[in-house]
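The values are calculated or read from the model by the stated rules, or taken from the named source; none is laboratory data. Everything quoted here is computed from the prediction, not taken from an experiment. Neighbour counts are summed over all protein chains in view; Cβ atoms, including those assigned to glycine, are modelled from backbone coordinates with ideal geometry. Note: accessible area is taken over every heavy atom of the protein model, side chains too, but ligands, DNA and RNA are not part of it. Shrake-Rupley method; radii C 1.70, N 1.55, O 1.52, S 1.80 Å.
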Amino acid sequence: MWPLLLLPFLLAAAANASAADAEPPPAAAMAPWPEQFHAVVVTNLTARGGRLEVIDLYYDWPRGRDLNLVRLQLPDGGEPPLRNVEWANGTAYVFDAASCRTFQFAVGLLPPDWKARGAAYLGRARVDGFDCHVWSNFLFALYYEDVATGRPVAWNFMGMERHVLSFEPGGVLEDASMWQAPAYCFDGSNDGDAADGVDGQGSRADLVNSMIRFAGAPAAAASFDQ
Ligand SMILES: *[C@@H]1O[C@H](CO)[C@@H](O)[C@H](O)[C@H]1NC(C)=O
Ligand SMILES: *[C@@H]1O[C@H](CO)[C@@H](O)[C@H](O)[C@H]1NC(C)=O
């Protein structure tokens with residue numbers, strides 16, 4: 001069962017990366033992320049019982065947060081998207097219209113200059129038709145960035161491969177209500193089935209299970225020079 005292999009895989013990836021002692025990255029490959037961006041990414045979880053997912057990702061470093069708006073392909077009953085709001089202090093809320101789960105991670109938001117903070121540069125690879133610089137850190141087993149434009153192309157996060165359909169530097173989600181976790185995240189009734197996964201909602205269960213595993217990761221796997 002591959003979920004059990006996940007963390008060892010991440011750890012192994014990191015070990016290989018440092019053992020490889022690759023060439024230092026070209027300066028252009030070191031460019032930090034924009035402090036704010038909006039990306040649309042797609043992931044295919046059907047092989048593990050999930051679905052195709054389209055995720056609107058809003059990264060907002062100055063305000064110390066990011067948001068994932070997760071839409072499943074052809075949701076049963078037309079459920080609204082699942083939202084995952086992650087804060088710089090490591091608290092994350094995963095919720096839908098009915099219930100919520102809260103997670104506490106050892107590390108908070110990835111800083112824009114994460115590549116300069118102990119990530120391993122693994123050279124070049126062709127992904128989705130793009131010539132990419134390849135990076136690895138405790139969060140991304142593999143992260144691919146277009147050499148020509150510096151835009152992210154794909155990454156492997158918790159064993160989920162995500163492909164970037166659009167990338168908009170400076171893209172901000174202003175609507176405060178989208179960031180606000182609902183009251184049921186705070187009143188003790190927060191362990192409903194919302195993010196646990198219900199019939200046909202394997203992707204949701206998958207997302208949450210990944211987060212649980214990550215939350216339980218040894219500190220060494222989740223540390224960087226902050
Ligand atoms: C998703 O993955 C499944 C299983 O690997 C594959 O059969 C299917 O073609 C993929 N769908 C897309 C849109 O890539
Ligand atoms: C982290 O910040 C969020 C948003 O402000 C807040 O809801 C949460 O309680 C904080 N977590 C901790 C552990 O302080």
How many residues of region 44-84 are within 14 Å of the chain's Cα centre (by Cα) and exposed (fewer than 14 other Cβ atoms within 10 Å of the Cβ)? The answer is 0
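Given the structure, is Val134 part of a strand (DSSP E or B), open to solvent by less than 60 Å² (accessible area, probe 1.4 Å), among the hydrophobic types (A, V, I, L, M, F, W, C) and away from ligand 1 (no atom under 16 Å from the Cβ)? Let's see the steps before the verdict.
Details: part of a strand (DSSP E or B): yes; open to solvent by less than 60 Å² (accessible area, probe 1.4 Å): yes; among the hydrophobic types (A, V, I, L, M, F, W, C): yes; away from ligand 1 (no atom under 16 Å from the Cβ): yes.
So Val134 passes the test.
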For residues that are touching a Gly at 6+ places or on another chain (Cβ under 8 Å) and modelled with pLDDT of 95 or more, scanning just region 45-85, find the one that is nearest to ligand 2 (Cβ to nearest atom).
Gly64
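Out of all the residues in region 28-59, which are within 23 Å of Asp76 (Cβ to Cβ) and in a strand (DSSP E or B)?
Step one: list which residues in region 28-59 are within 23 Å of Asp76 (Cβ to Cβ), which gives 40-56.
Within region 28-59, Val40, Val41, Val42, Thr43, Asn44, Leu52, Glu53, Val54, Ile55, Asp56 qualify.
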